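Enquirer: Dropping a structure here in structure tokens format, bear with me for questions.
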């Protein structure tokens, strides 16, 4: 929680204080110590403040999910000996604009699209090289 205290008309008030029309409010915060949480919703009264808090929480959650998805994608790329995301040889970041790439990454995290299929589609030549041993094994089994 970044909230330190609230000053209403020059007097420190508790966080549960409901302001009245015309009150001058100053909010003191701790710098970079804490961040907003969903529990702050109990202390907010106006729809505007609640919407701003929800937007902030969703963007924070989205960044955490994107970070996790990028880590998983890089793990798959590394297993297949392909260039990592955002590296100079990377085709993924060159093919998709940032918004499209974020949507794809979130879909992969929700398991609506697979990391493997995504990699295979963007690196078709490498795909053949990577999967030759499986084909050879199939021929041996015949």
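The values are calculated or read from the model by the stated rules, or taken from the named source; none is laboratory data. These numbers come from a predicted model, not from an experiment. Quick reminder, even Gly has a Cβ in these numbers, built from the backbone with ideal geometry, and neighbours come from all protein chains shown.
Enquirer: If residue 104 satisfies every condition in (1) in contact with a strand residue (DSSP E or B) (Cβ under 6 Å, 6 or more places away or on another chain); (2) under 20 Å from residue 123 (Cα atoms) but one, which is the exception?
Expert: Against the list (1) in contact with a strand residue (DSSP E or B) (Cβ under 6 Å, 6 or more places away or on another chain); (2) under 20 Å from residue 123 (Cα atoms), residue 104 comes up short only on (1).
Enquirer: Right, another one. Please go through (1) at pLDDT 85 or above; (2) surrounded by 11 or more Cβ atoms within 10 Å (Cβ to Cβ); (3) assigned to a helix (DSSP H, G or I) for residue 59 and return the number of the only condition it doesn't satisfy.
Expert: The single condition residue 59 does not satisfy is (2).
Enquirer: Taking the options 77, 84, 73, name whichever one is touching a helix residue (DSSP H, G or I) at 6+ places or on another chain (Cβ under 6 Å), part of a helix (DSSP H, G or I), surrounded by 11 or more Cβ atoms within 10 Å (Cβ to Cβ) and not assigned by TED's automatic domain parsing to the domain that holds residue 7.
Expert: The conditions single out 73.
Enquirer: Ok, one more. Determine the pairs where a residue that is within 13 Å of residue 3 (Cβ to Cβ), located within segment 39-52, has a partner that is surrounded by fewer than 10 Cβ atoms within 10 Å (Cβ to Cβ) and modelled with pLDDT under 90 with Cβ atoms under 7 Å apart, the partner being 6 or more residues away or on another chain.
Expert: 43/16
Enquirer: Filter segment 11-49 for residues that are in contact with a helix residue (DSSP H, G or I) (Cβ under 8 Å, 6 or more places away or on another chain), outside any loop (DSSP other than H, G, I, E, B) and surrounded by fewer than 12 Cβ atoms within 10 Å (Cβ to Cβ) and give the result.
Expert: The answer is 38, and nothing else.
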